[in-house]
Amino acid sequence: MQKKLVVFTGAGISAESGIPTFRDANGMWGKYDAMKLASVEGFEEDPQAVLDFYNARRKNLLEVQPNHAHLVLAELEKQYDVTIVTQNVDNLHERAGSNKVLHLHGELCKVTSSRNRLDPNCIKDYPLDVPIRIGDKAGDGSQLRPYIVWFGEYVDNMDEATRFVKQADIFVVIGTSLVVYPAAGLVNYAKQEIPKFLIDPNDLKGGLPMGYQHIKATAVEGVDELVWRLEELEK
Ligand code: OAD
C-alpha cells in the first residue's frame, strides 16, 4: 500500500511558470479590483470587464508551461498515492502529469451557466483560445461565464478536500498565503502525528501553522528539498 501524500497548492506554485500570484508585490489583486472582477456583483455590473479579465488569463494559459515543482509532484506518483488539492484555476498540475487533482476555485479551461454555476449539464470544457463573449449561451440559455468560484460563492468540493487531508499520511502545502477561506482551513485537518511541510519563500502573515516544517524556498527550489526530506522519512 502506498502512503497517501496530499499536496495543497496555491498561486505560488505557478509563479515560476509566469502566472502572477494575487497578494505578492506585483500580485493580481494589487493591480485589479477583486470585487469588480471576481464577484457575481462585479459580473452583473460590468460583464465585459470580467470576461476580458478571464479571457486574457485563459489565453495566457496557452503561453505558459508547468515548472519543475509541478513535474516533481507528478513524478512522486511513482512512490506515493498523491492527491493534489489546488486553489489554482490553471491546468499546470494536469499538464505536468498529475492524475488526481481537485480544483477548489474552478478551472479556466471550463465554462458554465451564469444562472446556476454548479449545474453539471452546463459545465463544459471550452477552448482557451476562444474568448467567452457577451451573448454566448450556456446549456440553460443563460449567459456563459467562466467556471471560477468568485468571492462570496460556495466552494462546493470542500468536503471532498477535507476528507483527503484527514486521510493524509504526509501533507504538503505549497505557495499559498492561507488567507482565503474556507480553503485555508484545510491546514487544520491534517492528523497531528503526520509529517507536514510548507514550501514558501516568505513568512506567512498569519504565521506558520502548528506542526509544519517550513521549507523557505520557492516552489521550484523547495520541491527538491522536499524530495530529500521524504527520502529521509523512509530511512
Ligand atoms: P496568494 O497570492 O494569496 O499567495 C501566494 C503565496 O505564494 C504567498 O504566500 C507567497 O509568499 C507565495 N509565493 C510567491 N512566490 C512563490 C514561489 N515562487 N514559490 C512558492 N511560493 C511562492 O495566492 P493564494 O494563496 O493561492 O481565488 O490565493 C488564494 C486565492 O485568492 C486564489 O485561489 C484566488 C485568490 O483570490 C480565486 O480566484 C477564487
Which of these, Met210, Met158, Met35, has the largest mean-square fluctuation under a Gaussian network model of the chain (Cα springs below 10 Å)?
Met210
DSSP beta bridges in the chain [antiparallel fraction, %, rounded to 5]
25 percent
Kindly provide the trypsin sites (Lys or Arg not before Pro) of region 97-141 that DSSP labels as loop, not H, G, I, E or B, and whose Cβ sees at most 15 other Cβ atoms within 10 Å.
Lys100, Arg115, Arg133
Where in region 61-124 are there GluC sites (Glu not before Pro) that are in a DSSP coil and have at most 13 other Cβ atoms within 10 angstrom of their Cβ?
Glu63
At 0.36 nm per residue, and after removing the present C-alpha to C-alpha distance, how many nm does the segment from Lys3 to Tyr181 gain when stretched out fully?
61.3 nm
Can you give the Rg and Dmax of region 88-147 based on its C-alpha atoms, in angstrom?
12.2, 35
Of Lys166/Lys205; Lys31/Lys137; Lys100/Lys216; Lys36/Lys205; Lys166/Lys191; Lys31/Lys205, pairs whose Cα-Cα distance is over 18 Å:
Lys166/Lys205; Lys31/Lys137; Lys100/Lys216; Lys36/Lys205; Lys31/Lys205
When only alpha-carbon atoms count, how far does region 175-235 stretch along each of its three principal axes, as whole angstroms with the largest first?
36, 25, 16
Per residue convex hull volume, Cα only, region 130-235, in Å³ is 165 Å³
Any chance you could give the angle, 0 to 90 degrees and rounded to 10, that helix 219-234 forms with the longest Cα principal axis of the chain?
40 degrees
So if I restrict to the alpha-carbon atoms in region 124-177, what is the Rg, and what is Dmax, the biggest pairwise distance, in Å?
16.7, 48
Over the Cα atoms of region 1-59, each weighted equally, I'd like the Debye log10 I(q)/I(0) at q = 0.18, 0.20 Å⁻¹, rounded to two decimals.
-0.73, -0.83
Within region 149-191, the residues whose backbone N lies under 14 Å from a label point placed 7 Å from the Cα of Glu45 along the Cα-to-Cβ direction are 151
Accessible surface, per residue, of the chain when the full set of protein chains is kept, probe 1.4 Å, Å²
49 Å²
Would you mind telling me the share, in percent, of accessible area of the chain contributed by carbon and sulfur at probe 1.4 angstrom?
51 percent
Region 47-125: D in µm²/s via Stokes-Einstein (Kirkwood Rh, Cα pairs, 37 °C, 0.692 mPa s)?
234 µm²/s
For a distance above 32 Å, tell me the whole-number percent of Cα pairs in the chain that qualify.
20 percent
Could you give the angle, 0 to 90 degrees to the nearest 10, between helix 158-167's Cα long axis and the longest principal axis of the Cα atoms of the chain?
10 degrees
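The values are calculated or read from the model by the stated rules, or taken from the named source; none is laboratory data. Since this is a predicted model, take the numbers as computed values, not measurements. Here Cβ is always computed from backbone atoms with ideal geometry, including for glycine, and neighbour counts include all displayed protein chains. All accessible areas refer to the heavy atoms of the entire protein, side chains included, with ligands and DNA or RNA removed. Shrake-Rupley method; radii C 1.70, N 1.55, O 1.52, S 1.80 Å.
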